[in-house]
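Right, one structure below, let's go through it.
FYI, it's all coordinate maths here, none of it is from the lab. Values in this document were obtained by computation on a predicted structure and should not be read as measured data. As a convention, Cβ positions derive from the backbone with ideal geometry for all residues, glycine included, and neighbour counts pool all protein chains shown.
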């Protein structure tokens with residue numbers, strides 16, 4: 001494409017005269033010839049979005065092996081098989097790794113789905129002027145310079161500069177977030193930086209024509225349209241690393257370094273001080289490495305996350321990427337789109353002013369008022385066969401208001417049918433309908449802008465009496481109009497008069513003058529009933545709600561106040577897209593904490609807002625339902641799409657989808673996310689304390705020259721006592737004070753909140769106890785021979801280590817709280833896991849034949865008493881430490 005053409009594509013066509021636009025795209029208002037269109041199609045390409053590069057199934061599978069913990073496990077598996085010939089151990093480790101990768105590929109969604117959804121949104125046909133007549137062609141064949149005809153029900157096929165409009169209204173919520181259709185006008189908009197929502201002389205690809213008709217010239221197609229720019233932003237958006245992945249990578253690095261250091265020290269100690277052969281010490285060091293690596297941790301984390309997705313699915317939160325479950329729990333900021341997320345995306349009557357009195361829509365209303373009749377009569381809403389209202393959202397809101405108050409316009413117009421009408425026009429800002437009355441008179445029902453109606457009315461209806469419209473009455477009306485406007489309501493006025501017959505020519509100057517003012521009606525897209533409570537709960541949990549919308553500043557501020565996002569009168573907390581444009585990135589980063597509401601923003605603004613908070617170290621969740629939200633949804637740490645009203649684009653770019661479009665569900669999901677992270681911490685604490693105990697046992701035994709545990713013992717303990725209880729800990733119910741804490745933030749990790757210190761002292765306690773039991777069995781033997789004494793001591797150490805880990809699992813139900821407060825037996829899955837692990841530990845000691853395979857001996861009651869007593873001791877000891885911590889407020 002030539003440089004001249006590229007420059008043309010970035011022009012601000014809304015700020016140019018129609019003649020200049022036509023000249024720049026080299027066309028006339030009669031359109032292109034087929035030959036010229038084919039030439040341009042070859043130059044510009046099809047009017048469709050780029051598919052983008054797709055990752056193969058194998059590429060996605062191998063991406064799962066990038067984590068350091070996975071690499072460490074694979075290396076350990078290879079060394080175990082090649083050097084120590086522990087083939088079973090290696091197979092188990094590799095199986096865990098592969099299962100984890102498969103689950104990741106199955107669960108995680110593909111980024112390409114977002115762009116594919118954008119492609120599928122394209123309208124299949126467009127009505128175009130070609131060769132001096134209107135033709136219906138595939139929208140993919142449109143080129144700059146084509147003249148497109150629009151009418152109600154059409155999807156705009158490309159970006160157009162409008163040339164003709166007749167009451168044209170286009171719904172652009174998917175691009176701008178504004179719920180009310182935009183009334184289009186002709187003329188120049190002398191502001192090159194104005195937002196999409198205010199470019200009323202433009203029509204944008206994939207927006208919907210809701211009313212009227214129009215004609216426009218194509219100025220941009222494909223990836224150069226506004227929706228195409230969004231697709232490009234999606235393709236270029238950075239993939240943010242979740243806190244969980246960061247934590248697991250940190251854990252992997254820590255364990256790798258610790259294992260290498262300990263194994264090397266142990267290797268040289270064995271050779272230098274114990275005169276052990278280097279081959280034997282290498283095998284012992286590998287055994288220690290196997291003991292130190294929690295090989296089941298990646299799979300256990302995946303299982304816990306998967307269990308979390310099942311719980312959240314039952315509570316209307318559909319997780320598309322596993323780490324999103326945990327990321328929710330660390331959320332600092334919820335940047336929420338207003339329309340359809342915090343609000344109903346449905347215009348609703350909220351105030352009615354008649355007879356010099358302002359009524360709330362949900363209160364006692366004068367349903368037989370002339371105002372109720374006018375708002376329903378001067379209305380073009382239609383009913384489907386199923387009884388559903390269709391039409392302009394403002395007008396359907398008025399009809400629905402009538403239905404809610406026993407005024408069914410369908411029945412009323414049977415007795416007073418419409419005879420004629422003067423359609424709404426943006427210049428005069430009025431609409432009128434004429435209805436036959438039973439007494440032969442004609443009712444003229446007029447609806448429109450209050451200020452315009454007041455200039456055309458000379459009387460007012462008050463308490464059933466028609467009075468002259470004096471200054472006092474006008475001031476009363478204007479005061480109520482201002483009051484409603486301050487509440488961000490869209491206000492319409494209603495007036496009427498009676499005439500004797502329908503004029504031969506319906507002229508506004510005749511029909512819409514000498515009117516009787518009947519009242520005002522105020523409407524708004526109201527907040528969801530449960531949203532305010534959800535905002536309060538989020539704030540109590542230390543999560544800051546941020547509203548981002550394409551609506552006007554006043555509307556956004558009013559809704560934010562009603563929801564409790566900002567306080568009344570806090571204008572400084574509101575920032576518009578135009579004001580944001582005036583700030584540099586550094587300036588905005590310094591001030592981002594001042595703003596809780598963003599109005600009249602574009603997709604680029606949304607991404608910039610999310611990045612600014614992320615730059616501050618905050619974990620950001622972004623909710624949205626429109627195409628315009630998709631780039632920010634992808635940029636955010638967790639993107640939350642709307643399942644009902646959301647576009648396929650926004651869902652495809654999301655990590656999580658709300659099945660019920662309920663903002664309150666996000667708070668529930670945050671609680672579940674916190675619970676999941678807490679349970680992962682419990683599993684990590686349990687596994688690493690156990691592994692530390694094993695490492696200390698082997699390391700110190702080597703220093704002492706003892707032969708305590710064999711590799712097969714460590715393998716069995718890791719398989720039996722690690723896996724089932726660790727998974728069951730992931731199913732623990734949430735602790736009661738979970739939502740009273742502040743978010744843990746991006747800088748926290750799996751060791752925070754007292755977990756690291758607990759792992760250290762509990763691991764030392766486990767290792768010391770096992771060594772004490774081994775030493776006591778040697779000191780006070782039951783048998784006389786060395787082999788029998790050593791066999792008893794090894795068996796008692798093995799049984800103590802295994803059972804102590806099972807008892808310790810009860811301690812880990814809470815880092816700080818007593819197990820009696822959290823409930824030791826509340827988790828049925830945990831109870832069964834402990835019983836199963838206990839049975840598997842006992843069976844290889846008790847069952848003849850199996851004890852020979854595992855090289856353990858039968859123990860008598862005295863020996864079992866020592867084993868069980870020593871194993872159980874970890875519960876009271878940890879309970880005492882927890883009590884001291886709580887009393888001194890350390891790590892609590």
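Listing for the model above:
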read-out	value
Sorted by Cβ density within 10 Å, fewest first, the residues 625, 190	190, 625
The range 508-635, Rg to Rh (Cα coordinates; Rh as Kirkwood inverse mean 1/r)	1.11
Efficiency of FRET between residue 268 and residue 50 - r from beta-carbon atoms, R0 60 angstrom, step 0.05	0.50
Largest-first principal axis extents of the Cα set of the range 740-869 (Å)	61, 29, 25
Of all DSSP beta bridges in the chain, antiparallel share, percent nearest 5	75 percent
Distance histogram in 10 Å bins (all Cα pairs of the range 743-801, percent per bin)	22, 31, 19, 14, 10, 4, 0
Sites residue 504 and residue 416 - FRET efficiency at Förster radius 22 Å, r taken between beta-carbons, to 0.05	0.50
Peptides ranked, highest mean first, by Cβ atoms within 10 Å: ranges 342-354, 472-484	342-354, 472-484
Degrees, to the nearest 10: 531-540 long Cα axis against longest axis of the chain	40 degrees
Full-extension gain in nm, residue 889 to residue 485, via 0.36 nm per residue minus C-alpha separation	140.2 nm
Degrees between helix 828-846 axis and first principal axis of the chain (Cα, 0 to 90, nearest 10)	20 degrees
606, 611, 828 arranged by Cβ crowding within 10 Å, fewest neighbours leading	828, 611, 606
The chain: calculated mean residue ellipticity at 222 nm from DSSP helix runs of at least 4, using -39500 (n - 2.57)	-15000 deg cm²/dmol
Protection proxy ranking of 127-134, 462-469 - average other beta-carbon atoms within 10 Å, highest first	127-134, 462-469
Distance from the range 717-734 to the range 668-711 (C-alpha centre basis), Å	11 Å
Kirkwood-Stokes translational diffusion coefficient of the range 653-775, alpha-carbon pairs, 37 °C, 0.692 mPa s, µm²/s	193 µm²/s
Prolate/oblate/rounded call for the range 348-524, Cα gyration tensor, a/c under 1.5 rounded	rounded
Stretchable slack from residue 586 to residue 768, in nm (0.36 nm times residue separation minus alpha-carbon distance)	60.1 nm
Semi-axis lengths (Å, descending) of the ellipsoid that matches the C-alpha gyration tensor of the range 596-635	16, 12, 9
Inter-centroid distance (Cα atoms) of the range 488-524 relative to the range 186-213, Å	28 Å
Mean-position separation - Cα centroids, the range 793-844 and the range 389-432, in angstrom	70 Å
Cα gyration tensor shape of the range 324-443, rounded if a/c is under 1.5, else prolate or oblate by comparing a/b with b/c	prolate
Kirkwood-Stokes translational diffusion coefficient of the chain, alpha-carbon pairs, 4 °C, 1.567 mPa s, µm²/s	40 µm²/s
Between helix 471-486 and the chain: long-axis angle, C-alpha atoms, 0 to 90°, nearest 10	20 degrees
Residue order, fewest to most surrounding Cβ atoms within 10 angstrom, among 207, 871, 748	748, 871, 207
